[in-house]
Amino acid sequence: MSFIHERIQQTCDQLLEIAHKTLTPIEMEYTPCESYKKGNTPPVEGWMPFPAGMRVRGMDAHYWFRCALRTPAAKENTAYYLRFITGYEGHWDATNPQGLIYANGRMIQGCDTNHTEVWLEPDTDYTLHNYFYIGMIDTWVPLEASLCALDLKTEKLYYDMQVALDAALLQHPNSDEYVALLTALEQTANLLDLRDPGSDAYYTSLDAALDYIETELYGKLCTVEGKPIVNCIGHTHIDVEWLWDRDQTREKIQRSFATAATLMEKYPEYKFMLSQPELYRYLKEEAPEKYEELKQLVKEGRWEPEGAMYVESDCNLISGESLVRQILHGKDFFRKEFGVDCKILFLPDVFGYSAAMPQILTKSGIRHFVTSKISWNETNTMPVDCFLWQGIDGTEIFTNFITTQAYTGPEAKRGTTYVGMNSAAEIKGTWNKFLQKEYANRALNTYGHGDGGGGPTKKMLEYQRRMAKGLPGMPVTRMETLLNHLDDLRAEFDAGCHKTHRTPKWVGELYLEYHRGTYTSIAKNKRGNRKSELMLQLAETLSYTDLLAGGSYDAQGIYDNWTKVLHNQFHDIIPGSSIKKVYDHTDQDYAQIAEYCGNVIGSKLTAIASGVSAGDGILVYNGLGFPRSGAMTLNGVTRELAEEIPAFGWKVITPAEPSCGVTVEGLTAENKRYQLTLDSAGRIASLYDKAAGRNVLKAGSLGNELQAFEDFPRAYDNWEISDYYKQKMWVLDGDAEITPVTDGSRAGFRIVKRYMHSTITQHLWLYSAVPRIDFETEIDWHEHHQILKAAFPLDVLASTATYDIQFGHVTRPTHENTSWDKAKFEVYGHKWVDISEPGYGISLLNDCKYGHNTEGSTLKLTMLKCGTYPNPEADQGIHRFTYSLVPHMGDFRAAGIIREAYSLNQPLVATEVVSNVGSLPNTYSLISCDAPGVIVETVKKAEADEGMIVRMYESFGGRANAVLTVAPGFTKAYLCDLMENVLDALPMEDSKITLNLHNFEIATVKFVR
Ligand SMILES: [Zn+2]
């Protein structure tokens, strides 16, 4: 059958050319638009002619264009449209020119390089406006408009033939399917008379060809019976900030929604799923009339608001409480606006998934998890893509990977995509890639251009109609909502497991073997996020305490500030992969959050201090769920408290003058626990643990050695660390300026190191009683394409290290035995990391860092990584952070490492008390827990009423029988889910409740007065 398919392609090309006819060019006028438009009314003045051939430019710039025209009279088999051409058709969606079209004052659709046709009614006068965004390209951009006509029947035959041809070319040339399809297509082509397109003879032949292909190919050859199904849902992936800022996202969602809604008018079967309430909120604020249209589509079941989280958030770096709030705020919005209770967490593009998530999702009423990103692994291929994902606590959540991938060609070797093109190759590829075929008969394809590329196109919908008929050798496509797909898949999966006596499962984190630089890039945002999370939690606790005492709780203010935190946890913001403009904006957000929380915390402390019954002294407040003493800085002096401050409470104390139990002589500092000696470069030459009677550092090695590495990853500069970075290391071993320092009850050294154009200043502190060795660090950084690490070669033998994550911890290998172990050459940990052998170990704590690696028993903290794309100024300037080394005898759990890490992150706060007789006691605890392994982390006002929500978790990975004691005044307690829905009443006696918590279990209790 030589050249038959080439000949059919030739016919298809002819039909496409015949179908579209340019009637006339349209003259336009234009006016520059200084900044982002407000409202949807075009300017009245300032219009200038925009003759053919004229161009505009300006990266991230806007222009208004307008034109007036009358469409021709209605004609059978003909549709009219205005075509806008920029010359950038087919370029990258993320940077392309994009326009928003208004027809006679009404927003009708977006217009971008994938959607160039603006559909018009016949016989109508139009004034059209195009609010035009140049995109992130810095070159001249032309814009041409022309009125065109579409021959509908010719277009129909074009798609009938082209889709079948595309499907045929995916089959083996000797297969029955290939032969049958090409034979039918050849017969169709033979019926066509292409000598005079538009003539009666042409249309007569067109009708015959349409009849033939309908009957012989789509009728006789196609079937849906017994075929695998690829469920297709229209989607547009919109990064809420990335190569553009949040104002541009407000435009992208308007264009994307308008385009989808317009196509829905023409394609009644078209269904669309969109995640991220923030995008909906933007649409509601910018174009309320369009938002009403969206609500109607939701009612009709054609538009699916799903996805659960407020934004598609990073899941490596944000705290457990932040994961809960992402879902709480997200579900809250969807429920209030659409009456929808989300059942799916949809995170197609997030850079790894914490092992805490199965429990968090399940306890938030989520029953399915969907992603595709793990297919981007550089090294290993996941053995499952439809499975139960088991988290650290044992909870399992049903998980489905989007398996969209081209069937052949170079794309077939890459990861799967969440921005499918709905091509025949991708539909066959989606089913081909799906691994659990013996368990289920359906795979998932989310299709549509993302990032302002406007979602699905007319072409995708035409392909869908034909592939839904079940072409030979192809799976059958269905337009299906995500929830229906997942519910059906789950039912099949369960039956498949029952039948095979096997259950596909993945235990532990879904670690992405890629984008490992995102644990560290843009360090200021990692800091801003950690500090904001902790300040908001402290503000909530103090506010609730004040509420009990007759004060107020600014629920709206706290909610709004959480929303800012949640926005900035988006999967291109906190990972550090956005442009500078985005981070200028987040600087303001974090400053506002700090100001707000500072005011709340300050005013609540003052209110408490003025309400206590006490003499002159200091009111010390403990914002953590366990009693503690430890270090506290007041009026610039650090003291270690002799007395314990109650959990979530205060004590009024009379502070003694601090005495220092640390001696510093030459390069040696010593307290009752350690003897520490520096070398001339400021590194730790020896660290002797007197209590344990052993050296902390490996013999002959140096601790807190700062190491710089050249960092030019293979791709994705600010996202990536490529493992070859280790081969080029420069040790900061030049002489440092070392001076002794004292501060109240602590003492140590100030160590200043110069490195290239940068200065690193560290205060190394030993305390009188606190077991930490702190490294308070300030770096004035002016290097690019380098990684800076602090290394601790430790004298322990351990094949795994333990890393703090959300509501628990995970272990990861310290070796490279397998490809899976080796791929974890850079990993994240939250507040602490530990390497232990039986009887002894060393923990490394931090107050805003995440990136770590281990090389045997050498533990390294990644302090900075500073690529230049997409932000050439990434990580330049001042960085402040603290990390702490804590050697310990016995197990890290028993040694109190988890509590110590919380204490470093949420220090005691204090305010002065002037002798006062008030109604509040001088010692108080809002809530405490007697189980050492249970961390009570969150105390807040319930979203729905004035009840007190208390969230805790079992932090050791074992079992706990915990008695919680609350302040007087509460009469009832209820066990809740993470969304604060009441599940069970809990017996309460003498202000105490008892909870039995299993391994890493999260529990939420609501106390009511
Ligand atoms: Zn994304």
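Some values worked out for this structure:
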| read-out | value |
| --- | --- |
| Hits in the range 704-729 - residues which are under 23 Å from the mean Cα position of the chain (by Cα) and under 27 Å from Glu776 (Cβ atoms) | Asn718, Ile721 |
| Yes/no for Gly455 being surrounded by fewer than 23 Cβ atoms within 10 Å (Cβ to Cβ) and within 21 Å of the chain's Cα centre (by Cα) | no |
| Residue that is touching a Lys or Arg at 6+ places or on another chain (Cβ under 8 Å), buried (at least 18 other Cβ atoms within 10 Å of the Cβ) and closer than 30 Å to Ile522 by Cα, where the choices are Asp711, Asp689 | Asp711 |
| Pair list, Cβ under 7 Å, 6 or more apart: the range 496-515 residue more than 30 Å from Ile805 (Cα to Cα), other residue open to solvent by 20 Å² or more (accessible area, probe 1.4 Å) and of a type outside the set (Ser, Thr, Tyr) | Gly496/Glu438; Thr500/Glu438 |
| Scan of the range 246-293 for residues that are aromatic (Phe, Trp, Tyr) and part of a helix (DSSP H, G or I), ordered by number | Phe257, Tyr280, Tyr282, Tyr291 |
| Test: residue in the range 920-933 that is buried (at least 23 other Cβ atoms within 10 Å of the Cβ), within 32 Å of the chain's Cα centre (by Cα) and of a type in the set (Gly, Ala, Ser) | no |
| Residue in the range 884-895 that is within 26 Å of the chain's Cα centre (by Cα), surrounded by 15 or more Cβ atoms within 10 Å (Cβ to Cβ), under 30 Å from Asp572 (Cα atoms) and at pLDDT 95 or above present | no |
| Members of the range 180-201 found to be free of Cβ contacts under 8 Å to residues at least 12 places away in the same chain and of a type outside the set (A, V, I, L, M), listed by number | Thr183, Asn190, Arg195, Asp196, Ser199, Asp200 |
| Qualifying positions in the range 196-245 - more than 30 Å from Asn871 (Cβ to Cβ), outside any helix (DSSP H, G or I) and of a type in the set (S, T, N, Q) | Ser199, Thr223, Asn231 |
| Where Thr22 falls short, out of the listed (1) polar (S, T, N, Q); (2) loosely packed, with under 13 Cβ neighbours inside 10 Å; (3) assigned to a loop (DSSP other than H, G, I, E, B) | (3) |
| Where Ala468 falls short, out of the listed (1) farther than 23 Å from Ile238 by Cα; (2) in contact with a helix residue (DSSP H, G or I) (Cβ under 9 Å, 6 or more places away or on another chain) | (2) |
| Residue, modelled with the highest pLDDT, within the range 425-453, restricted to residues that are within 16 Å of the ligand (Cβ to nearest atom) and assigned to a loop (DSSP other than H, G, I, E, B) | Gly448 |
| Qualifying positions in the range 564-577 - part of a loop (DSSP other than H, G, I, E, B) and away from the ligand (no atom under 11 Å from the Cβ) | Asn568, Gln569, Ile574, Gly576 |
| Residue check for Ser146: closer than 30 Å to Ile101 by Cβ, within 16 Å of the ligand (Cβ to nearest atom) and small (Gly, Ala, Ser) | no |
| Matching entry among Ala823, Ala901 (being closer than 30 Å to Ile608 by Cα, aliphatic (A, V, I, L, M) and touching a residue at least 12 places away in the same chain (Cβ under 8 Å)) | Ala901 |
| Selection within the range 727-777 - open to solvent by 60 Å² or more (accessible area, probe 1.4 Å) and within 30 Å of Leu512 (Cα to Cα) | Gln727, Lys728, Met729, Trp730 |
| Leu676, sole failed condition from (1) in a loop (DSSP other than H, G, I, E, B); (2) buried (at least 20 other Cβ atoms within 10 Å of the Cβ); (3) of a type in the set (A, V, I, L, M, F, W, C) | (1) |
| Condition broken by Pro173, with the remaining ones in (1) surrounded by fewer than 20 Cβ atoms within 10 Å (Cβ to Cβ); (2) within 16 Å of the ligand (Cβ to nearest atom) satisfied | (2) |
| Which numbered condition Arg66 misses (of (1) under 24 Å from Arg246 (Cβ atoms); (2) touching a His at 6+ places or on another chain (Cβ under 8 Å)) | (1) |
| Per-region count, the range 977-1009, residues open to solvent by 30 Å² or more (accessible area, probe 1.4 Å), assigned to a strand (DSSP E or B) and touching a residue at least 24 places away in the same chain (Cβ under 8 Å) | 5 |
| Residue check for Gly700: small (Gly, Ala, Ser), closer than 22 Å to Ile842 by Cβ and open to solvent by 10 Å² or more (accessible area, probe 1.4 Å) | yes |
| Filtered residues of the range 84-113 (kept if part of a strand (DSSP E or B), surrounded by fewer than 20 Cβ atoms within 10 Å (Cβ to Cβ) and not β-branched (Val, Ile, Thr)) | Ala103, Arg106 |
| Neighbours by Cβ (under 7 Å, 6+ apart or cross-chain): first from the range 426-439, in contact (Cβ under 8 Å) with a residue 40 or more places away in the chain; second aliphatic (A, V, I, L, M) and assigned to a loop (DSSP other than H, G, I, E, B) | Ile427/Met474; Lys428/Leu170; Lys428/Met474; Leu435/Val384; Gln436/Val384 |
| Options Asn96, Asn104, Asn40: the member that is modelled with pLDDT of 95 or more and not aliphatic (A, V, I, L, M) | Asn104 |
| Any chance Leu243 is away from the ligand (no atom under 16 Å from the Cβ), under 25 Å from Trp92 (Cβ atoms) and surrounded by fewer than 22 Cβ atoms within 10 Å (Cβ to Cβ) | no |
| Looking only at the range 323-367, and only at residues there that are touching a Gly at 6+ places or on another chain (Cβ under 8 Å) and in a helix (DSSP H, G or I), the one that is nearest to the ligand (Cβ to nearest atom) | Gly330 |
| Within the range 959-976, tally of residues that are within 24 Å of Leu920 (Cα to Cα), open to solvent by 60 Å² or more (accessible area, probe 1.4 Å) and not in a loop (DSSP other than H, G, I, E, B) | 1 |
| Near pairs, Cβ below 6 angstrom, 6+ apart or cross-chain, from the range 323-349 (closer than 22 Å to Gln296 by Cβ) to any residue that is assigned to a helix (DSSP H, G or I) and of a type in the set (Phe, Trp, Tyr) | Val340/Phe334; Cys342/Phe334 |
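Yes/no matrix, rows are residues, columns are (1) surrounded by 15 or more Cβ atoms within 10 Å (Cβ to Cβ); (2) under 24 Å from the mean Cα position of the chain (by Cα); (3) at pLDDT 95 or above:
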| residue | (1), (2), (3) |
| --- | --- |
| Asp780 | no, no, yes |
| Glu783 | yes, no, yes |
| Leu788 | yes, no, yes |
| Ala791 | yes, no, yes |
| Leu794 | yes, no, yes |
| Ala798 | yes, no, yes |
| His809 | yes, yes, yes |
| Asn817 | no, no, yes |
| Ala823 | yes, yes, yes |
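The values are calculated or read from the model by the stated rules, or taken from the named source; none is laboratory data. Everything quoted here is computed from the prediction, not taken from an experiment. FYI the Cβ positions are ideal-geometry reconstructions off the backbone, even for glycines, and counts take in every protein chain you see. These area figures cover heavy atoms from the full protein model, side chains too; ligands, DNA and RNA do not enter into them. Shrake-Rupley method; radii C 1.70, N 1.55, O 1.52, S 1.80 Å.
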